[in-house]
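Have a look at the structure below, then the notes.
What follows draws every value from the coordinates through simple rules; no lab data is involved. Predicted model, so just to flag it, every value in this text is computed and none were measured. Positions of Cβ are backbone-derived with ideal geometry, glycine not excepted, and every protein chain shown enters the neighbour counts.
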There are 4 protein chains.
Amino acid sequence: MTDTALLVIDMFNDYRHEDAEKLAPSVSDIIEPVAGLVSAARKRDDVDLIYINDNYGDFTANQEDLVRRALDGERPELVEPIVPQDGARFLQKVRHSAFYATSLAYLLRQLDPERLILTGQVTEQCILYTALDAYIRHFQVIVPANGVAHIDEELGKAALQMMERNMRATILPAEKCLD
Amino acid sequence: MTDTALLVIDMFNDYRHEDAEKLAPSVSDIIEPVAGLVSAARKRDDVDLIYINDNYGDFTANQEDLVRRALDGERPELVEPIVPQDGARFLQKVRHSAFYATSLAYLLRQLDPERLILTGQVTEQCILYTALDAYIRHFQVIVPANGVAHIDEELGKAALQMMERNMRATILPAEKCLD
Amino acid sequence: MTDTALLVIDMFNDYRHEDAEKLAPSVSDIIEPVAGLVSAARKRDDVDLIYINDNYGDFTANQEDLVRRALDGERPELVEPIVPQDGARFLQKVRHSAFYATSLAYLLRQLDPERLILTGQVTEQCILYTALDAYIRHFQVIVPANGVAHIDEELGKAALQMMERNMRATILPAEKCLD
Amino acid sequence: MTDTALLVIDMFNDYRHEDAEKLAPSVSDIIEPVAGLVSAARKRDDVDLIYINDNYGDFTANQEDLVRRALDGERPELVEPIVPQDGARFLQKVRHSAFYATSLAYLLRQLDPERLILTGQVTEQCILYTALDAYIRHFQVIVPANGVAHIDEELGKAALQMMERNMRATILPAEKCLD
C-alpha cells in the first residue's frame, strides 16, 4: 500500500478546441505547482504518479501520440514541464470522468493508496467529475486549489465548494499536498 | 422505443438528516411541479416513469419500506403527492449518482428513450451527478428548473449552469418538459 | 470485516421456463445443502447472507414479489426451505452475472469479506459468470459442489473445472464451506 | 453504423507463462485463419478491426510495447502475421474479460456494429468471458471455431458449447464469418 496517488488529468491538450483561450491562462497559472507535484512524486516511494488523459475519440492513439500532439499544439510551454518520463503509468480515458470506462478504479484497488490528489484540468468539468467518482467509491480526495485550471472562474469556484462540502475533499495549496 | 423517460430521484426522504431543514423548503417549492410531471407521465404511453431512490445503506429494504419510511418522516406532505402506484418501475441506488451500481443504464438501453427528464433532489448533488453520468453515456438530458430542489441556493444555481453549459442539458419549466 | 459472504443466487424461480424440467431435479438434489448453509449463516455473526435474484425483466417487482411468484410456481418445495427472513439482504439482478448492473460489488467492498461462497443456480450459467466476475475483482471464491444446480450435467462439470482451474475457486462439499 | 466488429483478443503473448506449452500449438493451428480475418477486415469498410490485449499488469506499457514484447518472445511466428498496422484501434485490458475496466463497451456503442466476431485466445478463458459480457449487453456474437485457441481441449469444447447454447453465439468456420 502506498500513501498517495497523484492523478494528472488531461494536461496533454493542444489548446486548439473551443474555450482553449479561456482555459490556457488558467493552466498557465497552475503549470508550475503541477510540475512541482509531479517532480516531488517522482522522487518519492510512497507516492504513485498516474497520468490519465482523454484520447479525444482516437482509439488508435497511444500515450506518446497524445503527448506529442500536445507538444505540437498551441501551447507547448504548458505541456513540457510535465511530460511523462519512461516508466510512467499512463491511462487513456474516453469521456469526462477519469473513472468512466477506464481501468483507474481497478488500478487504484491494486495500489490501495490512502488518498488521491487530483490535479490538471478542467476544475468544473473533469476534475469535478473525477472527484465525484472517487467519492462514491469512498476514496479520500485532495485537490490543490492552485493545481487545477478552470474555463469559467465562477463555476470553477463553485466546483471547489462542491468538492469540499459535498464530497468531503480537502482543498490545499499544492505545496502542502505531499506534506 | 419511447420518447422520454422521467426519472424521479431521491424523493423518498424522511427529512431527518443533516441539512434537511435547508432542503425541505426547496422541496416544498417543487413538489407540485414534480407531482404534475408524474401525473402526466402516468397518462402517457410515450413516457416511461422511473423512480430511483437511495436505500440509505439498508440492503434489506424493499421499495415499499423506503416509501413508508418517508411517509412516516418529518414531511409526509412532500412525499404523498408522488407515492408510486402499483406497477411503477422503482430502482434502488446506493450512492449519489443514479447510474452508479444500479441497473439504470441497462434499463434505459432497453427502453431506449430519446431523452431523460431529471427531477427530484438535490440539484447540486444527486441531480448534477446523474446528469453527468447521463451525459457521458450520450443521453440527452432535460432538467426542469422548478422540478429540482437544492440545499444551497448558490450551488444549486451553479449546478444548473454546469448542466446547461457543460453537459448540454436543456433547462425548462416543468410545464414544458413533456410538450 | 466479516469472514465470509454467502450468496444465494437465483433460487426464486417459478420453474415454468424452458429447461425447467432439466433444472428442477438438480435443484431438488441441492436444496437441502443450500438450506443448511442458509440456516448456518443466519446463526453466525461472521457470515453475511446475501440473496441475489433475477428480476426476470420486471423492474416493478420488489423482493417479496419475486419470492411469492416462486412460491406460487411449479416447485414451491424447492423455494420454501430458503425463503428470506425479515431483515435479509436481497439484491435484484437483471442479467446473468450477479455483479452486472447491481450494487453487489459495492456492498461487498463495504462488508469486506475474505471469501465468497456461491450457491444456487445454474452452475454452468449464472454461477459460472458470477464466479468469473468475482475472480476478476480478486475475491476468493468457494463453490459447494452439492450446493449448485445444473441444467446440463456435462457443462455443469466443465463449469466447476473452469472455476477450479482458471478462477482459483475452491470446490468443497456444502458441509465444509463454513468450517 | 458498421456491420461487424472483429475483436482480436490477447494475441500479443510472449509464450513464456505457465501453460504456454499447451497453448502455443493451438495458436499455431489458428494463426492462419485469424490472420485471414484480420486481412479481410482491413480491406472492408463495413468491418471495424479492434485489437484488445492484456497489459499483464504493466500500466506503463503502450500498445507498441505489448506488440514488441510478443515479437521478442518465444513464438514470434504466432505474432507476426497479425501485427497491427498504423491506424489500428488498440485497447488494453487488465483482466480476463475484454469488457472489464476498459472502454470497449463505450467504443462499441459508438461504432454500433450489428455483431461481434471474437478471435484469439484462450477459448475457455478470455474468449468465453468476453462472449458472456457481450451477451449480457445484448451484442450478437460470432465465434470462429478455427479462430480461437485453447489450453485444455475438453474445456475449450465445453466453452464453445456454452457460448452456442447459453449465449446464443454462432459458431462458424473463420472463412464464413465475414460472408
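Structure summary
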read-out: Selection from the range C:68-104 of residues that are within 14 Å of the chain's Cα centre (by Cα), more than 8 Å from every other protein chain (Cβ to nearest Cβ) and part of a loop (DSSP other than H, G, I, E, B); value: C:79, C:83, C:84, C:98, C:99
read-out: Evaluation of residue A:156 against (1) closer than 23 Å to residue A:19 by Cα; (2) outside any helix (DSSP H, G or I) (one fails), failing number; value: (2)
read-out: Condition broken by residue A:178, with the remaining ones in (1) touching a strand residue (DSSP E or B) at 6+ places or on another chain (Cβ under 8 Å); (2) surrounded by fewer than 24 Cβ atoms within 10 Å (Cβ to Cβ); (3) within 17 Å of residue A:52 (Cα to Cα) satisfied; value: (3)
read-out: Test: residue in the range B:71-83 that is under 29 Å from residue D:107 (Cα atoms), surrounded by 18 or more Cβ atoms within 10 Å (Cβ to Cβ) and either among the aromatic types (Phe, Trp, Tyr) or out of contact with any Pro (no Cβ under 6 Å at 6 or more places or on another chain) (or both); value: no
read-out: Scan of the range B:122-146 for residues that are within 9 Å of chain A (Cβ to nearest Cβ) and touching a Ser or Thr at 6+ places or on another chain (Cβ under 6 Å), ordered by number; value: B:129, B:133
read-out: Among the residues listed as B:65, B:54, the single one being surrounded by 15 or more Cβ atoms within 10 Å (Cβ to Cβ), within 14 Å of chain C (Cβ to nearest Cβ) and under 17 Å from the mean Cα position of the chain (by Cα); value: B:54
read-out: So residue B:91, is it in contact with a Ser or Thr (Cβ under 9 Å, 6 or more places away or on another chain) and either surrounded by fewer than 19 Cβ atoms within 10 Å (Cβ to Cβ) or closer than 27 Å to residue A:101 by Cβ (or both); value: yes
read-out: Per-region count, the range B:102-125, residues crowded, with 23+ Cβ neighbours inside 10 Å, of a type outside the set (S, T, N, Q) and under 24 Å from residue A:131 (Cβ atoms); value: 6
read-out: Neighbours by Cβ (under 7 Å, 6+ apart or cross-chain): first from the range B:47-67, assigned to a loop (DSSP other than H, G, I, E, B); second small (Gly, Ala, Ser); value: B:55/B:61; B:60/C:87; B:60/C:88
read-out: Neighbours by Cβ (under 8 Å, 6+ apart or cross-chain): first from the range C:1-23, at positive phi; second assigned to a loop (DSSP other than H, G, I, E, B) and β-branched (Val, Ile, Thr); value: C:10/C:122; C:19/C:151
